[in-house]
1. Of everything in region 31-76, what is at pLDDT below 80 and either touching a Ser or Thr at 6+ places or on another chain (Cβ under 8 Å) or of a type in the set (A, V, I, L, M, F, W, C) (or both)? Give them in sequence order.
2. Does region 3-15 include one or more residues that are at pLDDT below 95 and outside any loop (DSSP other than H, G, I, E, B)?
Amino acid sequence: MQALPQAGHKHLSADAALMLLAVLPDHIRDAYLNHAKQIDYSIEMVLEMALADFLDPDSLTFTDCNPQIGLPENQD
């Protein structure tokens, strides 16, 4: 197998997520997109967490992560 170039990114980019979705079977792609919409997470985050869970069952879950994406900032 050919070695992949190092990207140096810490998270999946939107472009990479779209490329990954493009090669998935329709029913799997639709499931990921529907799940992302249901939990109001970006598709990049959903794919990244799914891959992390596959590689390490003790990795962050959607419940553990609970990112503060899209929430209004506290206004004092």
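1. Leu60, Phe62, Cys65, Ile69, Leu71, listed by residue number.
2. First, the residues of region 3-15 that are at pLDDT below 95: 3-15.
In the following step, the residues that additionally are outside any loop (DSSP other than H, G, I, E, B) were identified as 14-15.
Yes, there is a match, as at least one residue in region 3-15 is at pLDDT below 95 and outside any loop (DSSP other than H, G, I, E, B).
The values are calculated or read from the model by the stated rules, or taken from the named source; none is laboratory data. The model shown is predicted, which means the values in this text are computed figures rather than measured ones. With ideal geometry, Cβ positions are generated from the backbone for all residues, glycine too; neighbour counts draw on all protein chains shown.
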